Amino acid sequence: MSNQIKIVLADDELLFRQGLRAILSREKDFDILFDATDGQDLMDQLRESEVLPDVILTDLKMPELNGVEATKLIHKEFPDIKTIALTSYFSKPFIVNMISIGAVAYLAKNSTPKLMVTTIKEVYEKGFYYDTQVLKFIQEGLLNPSEKKLKSNFDTTYFTKREKEVLELICKQHTTNEIADALFISPRTVEGHRNNLLLKTESKNIAGLVVYAIQHKIVDLDSKF
């Protein structure tokens, strides 16, 4: 990786926060910009910082301003920052809620350091990282199931054949270069198709595009997951 991934940590437990910093600091590809004691401290530092992070790891349960509310604000004020939700509770409601408000990955606090490092790198490279269980929750329609985002006469011919191919590979968590190689097109062309897909689905980021595609069964991930 040519550039270091700029990271910010937010957790109200000092020992846990320092432990995260110690683990991540050992990675040559990572640059820890700062850490925050709660959601309000996180937002204050982000608004004052001259350099913004690529990725934020935030606990969900914090005083002052919790991680859920902080994620909403980050998604609104700093849409280019990717937020990974950290929590002790790996449950459907938590996962569903965090993805719906903008988190691009979900990491249990009892995860291994290796998985944490992998998740950060995947999020940085691909824009999101959903494991098999999270993808299953999305496929089951647990994200805003009562919300009708599409008209009843939705027609998948709205997307070109190439857009569908690019979309399926995005959902299978391939990088831009991997998609380009698989389809024998240039990375710039892949980016063009991706931008068209974002516009057509009115998705704000790649994670939102993936959720949209899976929920509305535009792609079939069964063969992969």
Out of curiosity, is Val55 at pLDDT below 95, touching a Phe, Trp or Tyr at 6+ places or on another chain (Cβ under 8 Å) and under 18 Å from Tyr130 (Cα atoms)? no
Can you tell me how many residues within the stretch 26-40 are modelled with pLDDT of 95 or more and touching a Gly at 6+ places or on another chain (Cβ under 7 Å)? 0
Is it the case that the stretch 184-201 has a residue that's in contact with a His (Cβ under 7 Å, 6 or more places away or on another chain), modelled with pLDDT of 90 or more and under 24 Å from Asp131 (Cα atoms)? no
Which pairs have Cβ atoms under 7 Å, sit 6 or more apart or on different chains, and link a residue in the stretch 162-178 that is without any contact (Cβ under 8 Å) to a residue 24 or more places away in the chain to one that is open to solvent by 30 Å² or more (accessible area, probe 1.4 Å)? Leu169/Ala182; Thr176/Pro187; Thr176/Glu191; Asn177/Pro187
Taking the conditions exactly as written (free of Cβ contacts under 8 Å to residues at least 12 places away in the same chain and small (Gly, Ala, Ser)), does Ser111 satisfy them or not? yes
List pairs: first residue in the stretch 18-32 and β-branched (Val, Ile, Thr), second residue open to solvent by less than 50 Å² (accessible area, probe 1.4 Å) anywhere in the structure, Cβ distance under 8 angstrom, at least six positions apart or on different chains. Ile23/Met116; Ile23/Val117; Ile32/Ile7; Ile32/Val8; Ile32/Leu9; Ile32/Leu24
From Val8, Val68, grab the single residue that is open to solvent by less than 40 Å² (accessible area, probe 1.4 Å), under 19 Å from the mean Cα position of the chain (by Cα), closer than 21 Å to Ala103 by Cα and free of Cβ contacts under 8 Å to residues at least 40 places away in the same chain. Val68
Those residues of the stretch 22-44 that are crowded, with 16+ Cβ neighbours inside 10 Å and over 21 Å from Tyr129 (Cα atoms) come to a total of 11
Which one is nearest to Gln18 (Cα to Cα) among residues in the stretch 52-65 that are open to solvent by 50 Å² or more (accessible area, probe 1.4 Å) and under 20 Å from the mean Cα position of the chain (by Cα)? Lys61
Members of the stretch 195-215 that are touching a helix residue (DSSP H, G or I) at 6+ places or on another chain (Cβ under 9 Å), surrounded by fewer than 20 Cβ atoms within 10 Å (Cβ to Cβ), outside any loop (DSSP other than H, G, I, E, B) and not hydrophobic (A, V, I, L, M, F, W, C): Asn196, Lys200, Gln215
So, in the stretch 84-125, of the ones that are modelled with pLDDT of 90 or more and among the basic types (Lys, Arg), which residue ends up surrounded by the most Cβ atoms within 10 Å (Cβ to Cβ)? Lys121
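The values are calculated or read from the model by the stated rules, or taken from the named source; none is laboratory data. In this text the structure is predicted, and so the values were computed from the model without any measurement. Every residue, glycine as well, gets a Cβ built from its backbone with ideal geometry; the counts of neighbours run over all protein chains shown. All accessible areas refer to the heavy atoms of the entire protein, side chains included, with ligands and DNA or RNA removed. Shrake-Rupley method; radii C 1.70, N 1.55, O 1.52, S 1.80 Å.
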